[in-house]
Amino acid sequence: MLNYIIRRMLYAIPILIGVNLITFTLFFVVNTPDDMARMQLGIKRVTPEAIEKWKHERGYDKPLIFSEAEQGAAKFTHTIFFEKSAAMFAFDFGQADDGRDIAYEIKARMLPSLAIALPVFLLGLVVYITFALVMAFFRATYVDFWGVVLCVALMSISSLFYIIGGQFLISKLWHLVPISGYGSGLDAGKFLVLPVIIGVISGAGASTRWYRTIFLEEMGKDYVRTARAKGLPESIVLFRHVLRNAMIPILTGAVVVIPLLFLGSLIAESFFGIPGLGSYTIDAINSQDFAVVRAMVFLGSLLYIIGLILTDISYTLVDPRIRLE
Amino acid sequence: MTMLFKPVILWTDSLIYLLVIVVLAFVWHVRRNEHMLAPWRRVGHSASGMAALTVLVFFIAVGLLDTVHFRPAVENNDNGNSEKVYSVEVLSLLDIIAAPLRTRVEKTYSAPFAAHLYARETIELPDGGQIREFPRLQFGGAHLQNPEAQLTADVTWRAAAGAGLGVFVWCVLVILLSASLAHRDNVGVLYTLSAIRRGATEIPWNAVLVTLVLILSLLGAALALSVHYHILGTDKVGQDVFYQSLKSIRTGLVIGTLTTLMMLPFALLLGIMAGYFRGWVDDVIQYIYTTLSSIPGVLLIAAAVLMMQVYMETHPELFDTIAARADLRLLFLCIILGVTSWTGLCRLLRGETLKLREMEYIQAAHAFGVSHWRIISRHILPNVMHIVLIATVMDFSGLVLAEAVLSYVGVGVDPSTISFGTMINAARLEMAREPMVWWALLSAFGFMFALVLSANLFADAVQDAFNPRVRTWPVKAGKPYRRKRQEEDPETKPNAATAKDVISP
């Protein structure tokens, strides 16, 4: 087991290097630092000195990957690639445009992000599985049919509508919870209710339908027929046999997103004014803070890869047929 | 020679034309091959799928009208010669048809069917005094003498007249359809009509016609009213929201279809190559798509769009008009979305090819010395096309929804492009106004919902027809499937009764 995990982690390294190369190409080769400086300082009437100053402040005034002017190892270390891209492996993300340390910001903002994303994830899983089981239990009846119709309708509504509509209905019309904001400690609770509810509802259509398909596929298998033939009541068949076997595909989809919960949700956080990583990213995109976007891309891929490893491990835990060799 | 207009073919236009040609060629090809036609017949049997297709056809028609671009000629009276000068403004056929909507711009917000502005203004009276009141609109309801008394009656009358015209057109269509069906089957027209009503026709024409009468009466009423009113109100700068909603359709369709067109070459080529050649080719391709797909989609798109913005700022020579600039940005967005989303399909294609290459007929082709290229193009490609098709229709609605989110994040289409995303983005702050401005948001969401819902329903029909193993819709669920049940009578399917309890997976 340990052997396997170590090997999986070693596999992750080339992928992270690949991600790093992609972001390096995107941010420094497609557009040179000069282009970026000109864009940020305004295209017209920008002096070469201003560009040089902008680049120097951010450390973009070095050669891209190879420095002729330096000696020895410094030929490679005093470059943009080494200082900006390779340094990310040591979680050194540098500074944002407002002068703050990105790594520090990320640490501080992870918790608020998690405070919405985790309840949405857990509550969602329970709610979706429950509804999918109900639909599977009443399969081929009106309950099932209208359930699927409802799912398709829910899927077809933009997530922005859920947020704007929910804010309007619950906060503005009924004054139940504050429209947006965030507090520390237990105080945060009243701010989190609305985003969590909306998060669960906006994912309901697609997930419930997907779980229903999984349950029905499982129910068509031979062991279910055997269980029914033994005379087991439908509820036992459903909970003890179908649900347990259906957990394998459901887990695959669920475990992989767990690490990504740290990243939060881009739009929900910015609509509800929650100081998490999602709103951090949006602010960076809007103010064209390239360093922050680069750091978030790297962090996102890292978390995704961790999710993949966790998925593989969780397989062995729920499905004893799978051996990690 | 002078022309009234100068045709303009923007980048996305040419790709849409290409797509139309490809679709037409595909239809022609399918019609000639019975084995390819069979699954499409199953799509045709789905009532919800055909009703959705009817709605989609209308959206596509609006989108295509909005794709034919040109620059109208403007009179040049400065130096007296008859040389035509073309306007810098790029218009489309839709702009010409909807000219009353496009040109009649009010001062600022006005509610749907309003005859007055939404905000009070101070008006100077002739005697020097001032009053604060809601001024009349320049165009909306301008033909009414006394809006307070006449508005409701006028709107009702015009809506009824428009809807009546729509229903009349529908009746003509019904008669034409049943006449042609009756002619084909060599039966009476009345018999065909009753067959359609009962839903006994091969294609569920009753579902199509019910959808059609809804669309036509709504369309008729909307057209009749929009000449005299802003039926969905106006936005902050007084532009008609109905016109903006119509213009958004093309943007949504372009994103939903061209993105797939962009990603198909990658996914097909790499996916089939990885599955067919295996070995190091497989390793390299797997590495590429694992790396790409490990970057969270929104972040990769955001990074790429940011860089595209910088590139377009520093290369203004790529475009000559504002429309060309916006169009280029739309194209880049499609390319970026395509590059970030091909990995899923690629993985599916690789898996399917791995399975196919072990089949006997491909082994036989190897034994006969058929070249790799020929095996791939003649034996593998046709057998993975159903996966491509399903993925294409399934992705469409997701991409339309994604556009709105991306535009909100600030990495979507150009702000000058009218799209659902830019409409929502512009309107969301208006929710905080007192009194609230709700119509722009609701129109954008409503149109988007109609487009996405019909795309989803059609995609489900395609999925069920091409991949019967995965059932997205309940099969024997009451009314909508009555027709199907009649077909599967116990006499034709003796096992149907015994298999009653076991749902088909």
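The values are calculated or read from the model by the stated rules, or taken from the named source; none is laboratory data. Since the model is a prediction, treat every value here as computed from it, not as a measurement. FYI the Cβ positions are ideal-geometry reconstructions off the backbone, even for glycines, and counts take in every protein chain you see. We work out accessible area using only protein heavy atoms, side chains counted, and drop any ligands, DNA or RNA first. Shrake-Rupley method; radii C 1.70, N 1.55, O 1.52, S 1.80 Å.
Okay, here's what the table says:
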{"read-out": "Flag if A:Leu308 is of a type outside the set (Lys, Arg), within 12 Å of chain B (Cβ to nearest Cβ) and in contact (Cβ under 8 Å) with a residue 40 or more places away in the chain", "value": "yes"}
{"read-out": "Verdict on A:Thr23 being hydroxyl-bearing (Ser, Thr, Tyr), out of contact with any helix residue (DSSP H, G or I) (no Cβ under 8 Å at 6 or more places or on another chain) and open to solvent by less than 40 Å² (accessible area, probe 1.4 Å)", "value": "no"}
{"read-out": "Failed item, numbered, when B:Phe277 is tested on (1) facing chain A (nearest Cβ under 9 Å); (2) more than 21 Å from B:Ile336 (Cα to Cα)", "value": "(1)"}
{"read-out": "Filter result for A:Leu232 (surrounded by fewer than 17 Cβ atoms within 10 Å (Cβ to Cβ) and among the hydrophobic types (A, V, I, L, M, F, W, C))", "value": "yes"}
{"read-out": "Count - residues of segment A:39-60 that are open to solvent by 60 Å² or more (accessible area, probe 1.4 Å) and at pLDDT below 75", "value": "3"}
{"read-out": "Filter result (part of a helix (DSSP H, G or I), at the interface with chain A (Cβ under 10 Å from one of its Cβ atoms) and either within 14 Å of B:Asp235 (Cβ to Cβ) or open to solvent by less than 10 Å² (accessible area, probe 1.4 Å) (or both)) within segment B:408-424", "value": "B:Val409, B:Phe420, B:Gly421, B:Ile424"}
{"read-out": "Qualifying residue in segment A:197-209 (condition: within 14 Å of chain B (Cβ to nearest Cβ), farther than 17 Å from A:Gly264 by Cα, out of contact with any Cys (no Cβ under 7 Å at 6 or more places or on another chain) and open to solvent by 40 Å² or more (accessible area, probe 1.4 Å))", "value": "yes"}
{"read-out": "Tabulated pairs, segment B:364-384, first touching a residue at least 60 places away in the same chain (Cβ under 8 Å), second surrounded by 11 or more Cβ atoms within 10 Å (Cβ to Cβ) and of a type in the set (Asp, Glu), C-beta under 9 angstrom, 6+ apart or interchain", "value": "B:Ile380/B:Glu352; B:Val384/B:Glu352"}
{"read-out": "Options A:Asp92, A:Asp97; residue that is in a loop (DSSP other than H, G, I, E, B), away from chain B (no Cβ under 14 Å) and open to solvent by 40 Å² or more (accessible area, probe 1.4 Å)", "value": "A:Asp92"}
{"read-out": "Count - residues of segment A:240-270 that are in contact (Cβ under 8 Å) with a residue 60 or more places away in the chain and more than 13 Å from chain B (Cβ to nearest Cβ)", "value": "8"}
{"read-out": "Selection status of B:Leu356, open to solvent by less than 30 Å² (accessible area, probe 1.4 Å), more than 30 Å from B:Val254 (Cβ to Cβ) and touching a residue at least 24 places away in the same chain (Cβ under 8 Å)", "value": "yes"}
{"read-out": "Residue in segment B:369-384 that is within 30 Å of B:Val90 (Cα to Cα) and part of a helix (DSSP H, G or I) present", "value": "no"}
{"read-out": "Residue within segment B:425-434 that is open to solvent by less than 40 Å² (accessible area, probe 1.4 Å), in contact (Cβ under 8 Å) with a residue 60 or more places away in the chain, within 14 Å of chain A (Cβ to nearest Cβ) and in a helix (DSSP H, G or I) present", "value": "yes"}
{"read-out": "Test: residue in segment B:242-261 that is away from every other protein chain (no Cβ under 14 Å), under 30 Å from A:Ala12 (Cα atoms) and surrounded by fewer than 23 Cβ atoms within 10 Å (Cβ to Cβ)", "value": "no"}
{"read-out": "Positions within segment B:282-317 being in contact (Cβ under 8 Å) with a residue 24 or more places away in the chain, hydrophobic (A, V, I, L, M, F, W, C) and more than 9 Å from chain A (Cβ to nearest Cβ), in sequence order", "value": "B:Ile285, B:Ile301"}
{"read-out": "Segment B:139-192, residues that are aromatic (Phe, Trp, Tyr) and either within 34 Å of the chain's Cα centre (by Cα) or farther than 25 Å from B:Val208 by Cβ (or both)", "value": "B:Phe139, B:Trp157, B:Phe168, B:Trp170"}
{"read-out": "Helices (runs of 4 or more DSSP H) contained in segment A:1-71 and holding at least 2 residues under 30 Å from A:Ile313 (Cβ atoms) and not small (Gly, Ala, Ser)", "value": "A:2-24"}
{"read-out": "Residue in segment A:121-139 that is within 12 Å of chain B (Cβ to nearest Cβ), modelled with pLDDT under 90 and out of contact with any helix residue (DSSP H, G or I) (no Cβ under 7 Å at 6 or more places or on another chain) present", "value": "no"}
{"read-out": "Leading residue by the ranking (farthest from B:Met431 (Cα to Cα)) among those in segment B:115-133 that are open to solvent by 20 Å² or more (accessible area, probe 1.4 Å) and modelled with pLDDT of 80 or more", "value": "B:His116"}
{"read-out": "Options A:Tyr162, A:Tyr142; residue that is modelled with pLDDT of 85 or more, out of contact with any strand residue (DSSP E or B) (no Cβ under 9 Å at 6 or more places or on another chain) and crowded, with 17+ Cβ neighbours inside 10 Å", "value": "A:Tyr162"}
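Per-residue answers, yes or no, for (1) more than 30 Å from A:Asp283 (Cβ to Cβ); (2) open to solvent by less than 20 Å² (accessible area, probe 1.4 Å); (3) in a helix (DSSP H, G or I); (4) of a type in the set (D, E, K, R):
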site: B:Leu264; (1), (2), (3), (4): yes, no, yes, no
site: B:Leu270; (1), (2), (3), (4): yes, no, yes, no
site: B:Leu292; (1), (2), (3), (4): no, no, yes, no
site: B:Glu317; (1), (2), (3), (4): yes, no, yes, yes
site: B:Leu333; (1), (2), (3), (4): no, yes, yes, no
